[in-house]
Amino acid sequence: MSSIPLPAESAVPIGRLKFNRLRNVKERGIEALMFLAAFVSVMTTLGIVYVLVSESIVFFQRVPLSDFLFDTQWTPLFDDAHYGIMVLLSGTITSSAVALLVAIPLGTIIAIYLSEFAPFTVREVAKPFLELLGGVPTIIYGYFALVVVTPLLQMIYPDLPGFNLLAAGIVMGIMIIPYVASLSEDAMRAVPMSLREGSYAMGATRLQTALRVVMPAATSGIASAYILGISRAVGETMILAVAAGMQPNLTFNPAEPGATVTSYIVQVALGDLPHGSIGYQTIFAAGLMLMLMTLVFNLLGYYMRKKFREVY
Amino acid sequence: MNQQELQALRELIASHKRWDWLFGLLGVFALMIGVLTFTALFANMAIDGIGRIDADFLTSFPSRRAANAGILSAWVGSLLVMLVTAFAAVPIGVAAGVYLEEYAPKNWLTDIIEINISNLAGVPSIIYGLLALGLFVYTFGLGQSILTAGLTLALLILPVVIVATREAIRAIPQIIREGSYACGATTWQTVRDHIVPYSSAGILTGIIIGMARAIGETAPIITIGALTFIAFLPPAPFAGEPPAGMFDWLFAPFTVMPIQMFNWTSRPEAAFAVNAAAAGFLLVLMTLAMNGLAIWLRYRLRKSIKW
């Protein structure tokens with residue numbers, strides 16, 4: 001039987017093949033390492049849930065849930081201790097409402113303007129500028145609210161106290177504008193050009209097209225921008241800690257000082273309560289409350305965004 | 001069409017055009033509110049603070065007398081915390097981004113990781129502070145140290161770095177990968193020699209934005225219980241007796257710029273408000289410079305790279 005003569009040197013050196021096997025092991029190892037890096041995010045979430053829940057359980061063993069939800073006083077550091085989270089929530093709701101009253105109209109107008117009206121050069125300058133505005137540390141905004149905005153408001157409304165939810169809320173609203181504006185603008189720009197062309201062909205003006213064609217088509221994206229804005233407002237800390245005073249106050253009047261869930265946590269962390277005391281555990285219960293609120297808003301926003309992606 | 005109807009129609013068109021014009025004006029006005037606020041914020045801080053910034057301010061420790069107080073321990077603390085944050089967040093963030101784009105199979109685990117990252121991006125920063133307090137400070141026993149603060153901020157900016165990495169990698173066309181695989185390269189070789197180098201500018205942009213955010217974060221660092229009055233410096237990094245002494249600095253107590261500013265803001269005396277303005281001015285300048293650099297980098301990138 002005649003065979004095809006093999007070349008004297010094997011075309012595939014055996015040593016190389018062995019090396020290749022090692023190479024696969026190395027590949028797997030690297031992939032596993034990278035997976036671990038990606039898994040850090042899951043570990044972070046689990047860590048947050050673990051810390052908040054385990055510390056809150058200690059708290060709720062000492063304070064019944066009904067007191068936590070329905071008591072109208074929040075005085076955990078006094079001898080006559082009351083733990084009514086409602087008091088802190090009222091501060092959070094009031095300041096967030098003021099912030100949203102500022103951020104949603106202005107953010108939406110800016111988004112419509114940049115998406116439908118502005119010439120190319122204006123947009124090229126305005127978008128990075130908005131991004132810069134969003135990058136300013138919140139402590140700086142807090143200082144601004146305390147030192148500039150409150151005195152300005154006091155000129156109009158002399159009875160305003162030096163610490164108040166109004167100034168903090170307004171500045172917080174300005175801080176949120178970039179988020180609302182840029183997310184809403186993205187949603188509007190994702191609306192296909194053909195819809196606008198159809199509208200223009202019917203003789204509609206820019207404003208009519210923007211309000212009656214583009215905005216309805218981008219509703220879910222805009223809604224998700226608003227929801228993320230709310231979530232920002234609820235979680236904002238330093239502006240309120242600096243400018244709103246930190247006295248718990250069950251009020252929905254923005255012209256009063258008040259504490260929020262976030263600024264209360266800062267207040268306790270600044271003091272020197274021993275770890276394990278009931279006063280200390282309150283910040284984890286407050287944190288759990290905050291986490292649940294923002295989680296609801298984030299999931300709602302995520303769901304909205306997903307829905308809006310599917311439309312086109 | 002008679003003259004009257006034509007007249008009515010013209011009026012209607014004119015009024016619609018007027019509304020259009022008015023809205024354009026409103027848009028410019030809304031943008032101006034943002035610009036004005038920013039200018040007022042910057043100018044106010046500059047006017048109040050700039051006279052206070054001199055060599056003494058940068059080289060003095062905080063003091064009970066406002067005129068002698070400085071930010072030496074604050075800026076050194078910020079620098080060291082940022083060092084830890086960068087060392088932790090950059091490798092983990094980039095690796096996670098590369099994994100999700102180049103390695104991850106399409107399954108439920110990947111979905112969970114992705115949902116997690118987008119959810120973490122929306123978690124308030126103070127919650128990270130509580131996480132660090134419960135986990136790093138008490139469970140792991142790292143104390144209220146530079147290491148704890150650095151790791152906390154690293155977790156905080158991780159989503160920013162991951163998202164930026166993924167976007168930069170997604171911009172690389174598929175043919176680059178195919179070319180590399182066709183030459184017999186493994187996934188890791190493709191990632192190391194092509195994917196990461198080509199996306200490095202985009203990744204760098206994300207890292208800078210993340211670090212700019214970390215440098216101004218106050219709430220999580222207050223929550224872990226960082227002290228505000230620190231009149232000494234932590235040991236110099238890597239200068240102590242090796243091997244153990246080299247890492248003494250990681251476990252030192254510290255303060256950072258935004259905490260120092262918060263401390264001065266919360267005092268009633270006017271002289272301390274001037275100090276706060278000065279520290280705030282430097283802080284704004286730093287974050288603006290970093291964000292500006294990132295925006296400029298991205299702009300350059302968009303213009304120069306055409307695949």
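The values are calculated or read from the model by the stated rules, or taken from the named source; none is laboratory data. The structure presented is a predicted model; accordingly, all values stated were derived computationally and were not measured. Don't worry about glycine lacking a Cβ; one is built from the backbone with ideal geometry, like all the others, and counts go over all protein chains shown.
Summary table
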quantity	calculated
Selection from the stretch B:114-144 of residues that are facing another protein chain (nearest Cβ under 9 Å) and over 24 Å from the mean Cα position of the chain (by Cα)	B:Tyr138, B:Thr139
Sole exception among (1) buried (at least 21 other Cβ atoms within 10 Å of the Cβ); (2) in the same structural domain as A:Arg206 (by TED's automatic domain parsing) for A:Trp74, by number	(2)
Helices (runs of 4 or more DSSP H) fully within the stretch B:117-219 counting 1 or more residues that are in contact with a Pro (Cβ under 8 Å, 6 or more places away or on another chain), assigned by TED's automatic domain parsing to the domain that holds B:Leu100 and polar (S, T, N, Q)	B:125-132, B:146-170
Residue list for the stretch A:138-193, filter: free of Cβ contacts under 8 Å to residues at least 12 places away in the same chain and within 21 Å of A:Met246 (Cβ to Cβ)	A:Ile140, A:Val147, A:Val148, A:Pro151, A:Gln154
Sole exception among (1) surrounded by fewer than 16 Cβ atoms within 10 Å (Cβ to Cβ); (2) away from chain A (no Cβ under 14 Å) for B:Phe57, by number	(1)
Test: residue in the stretch B:31-38 that is under 30 Å from B:Trp264 (Cβ atoms), crowded, with 17+ Cβ neighbours inside 10 Å, within 9 Å of chain A (Cβ to nearest Cβ) and among the β-branched types (Val, Ile, Thr)	yes
All positions within the stretch A:236-283 that are at pLDDT 90 or above and surrounded by fewer than 24 Cβ atoms within 10 Å (Cβ to Cβ)	none
Number of positions in the stretch B:77-113 that are more than 8 Å from chain A (Cβ to nearest Cβ), surrounded by fewer than 16 Cβ atoms within 10 Å (Cβ to Cβ) and in a helix (DSSP H, G or I)	6
Lone unmet requirement of (1) more than 11 Å from every other protein chain (Cβ to nearest Cβ); (2) assigned to a helix (DSSP H, G or I) for A:Tyr302	(1)
Total residues in the stretch B:72-111, condition in contact (Cβ under 8 Å) with a residue 60 or more places away in the chain and within 27 Å of the chain's Cα centre (by Cα)	27
Count of residues meeting criterion [at pLDDT 90 or above and surrounded by 13 or more Cβ atoms within 10 Å (Cβ to Cβ)] in the stretch A:6-32	2
Unique match (being at pLDDT below 80 and not hydroxyl-bearing (Ser, Thr, Tyr)) among B:Ala270, B:Ala252, B:Ala278	B:Ala270
Candidate set from the stretch A:277-291 (those that are over 15 Å from A:Leu88 (Cα atoms) and without any contact (Cβ under 8 Å) to a residue 60 or more places away in the chain); member that is nearest to the other protein chains (Cβ to nearest Cβ)	A:Tyr280
Hey, B:Ala69 touching a Pro at 6+ places or on another chain (Cβ under 6 Å) and either buried (at least 17 other Cβ atoms within 10 Å of the Cβ) or in contact (Cβ under 8 Å) with a residue 24 or more places away in the chain (or both) or not	yes
Given (1) surrounded by 17 or more Cβ atoms within 10 Å (Cβ to Cβ); (2) within 13 Å of chain A (Cβ to nearest Cβ); (3) touching a helix residue (DSSP H, G or I) at 6+ places or on another chain (Cβ under 6 Å), number of the condition B:Trp19 does not satisfy	(1)
Residue, surrounded by the most Cβ atoms within 10 Å (Cβ to Cβ), within the stretch A:288-309, restricted to residues that are more than 12 Å from the chain's Cα centre (by Cα) and more than 17 Å from A:Ile222 (Cβ to Cβ)	A:Leu288
Spans of helices (runs of 4 or more DSSP H) in the stretch A:179-273 with at least 2 residues farther than 21 Å from A:Ala168 by Cα and over 20 Å from the mean Cα position of the chain (by Cα)	A:193-201, A:206-209
Per-region count, the stretch B:113-160, residues in contact (Cβ under 8 Å) with a residue 24 or more places away in the chain and of a type in the set (S, T, N, Q)	6
Members of the stretch B:210-227 that are polar (S, T, N, Q) and either without any contact (Cβ under 8 Å) to a residue 40 or more places away in the chain or closer than 15 Å to B:Tyr138 by Cα (or both)	B:Thr223
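Let's see how each residue does on (1) touching a helix residue (DSSP H, G or I) at 6+ places or on another chain (Cβ under 9 Å); (2) modelled with pLDDT under 90:
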{"position": "A:Pro128", "(1), (2)": "yes, yes"}
{"position": "A:Gly134", "(1), (2)": "yes, yes"}
{"position": "A:Pro137", "(1), (2)": "yes, no"}
{"position": "A:Val147", "(1), (2)": "yes, yes"}
{"position": "A:Pro158", "(1), (2)": "no, yes"}
{"position": "A:Leu165", "(1), (2)": "yes, no"}
{"position": "A:Gly173", "(1), (2)": "yes, no"}
{"position": "A:Pro178", "(1), (2)": "yes, no"}
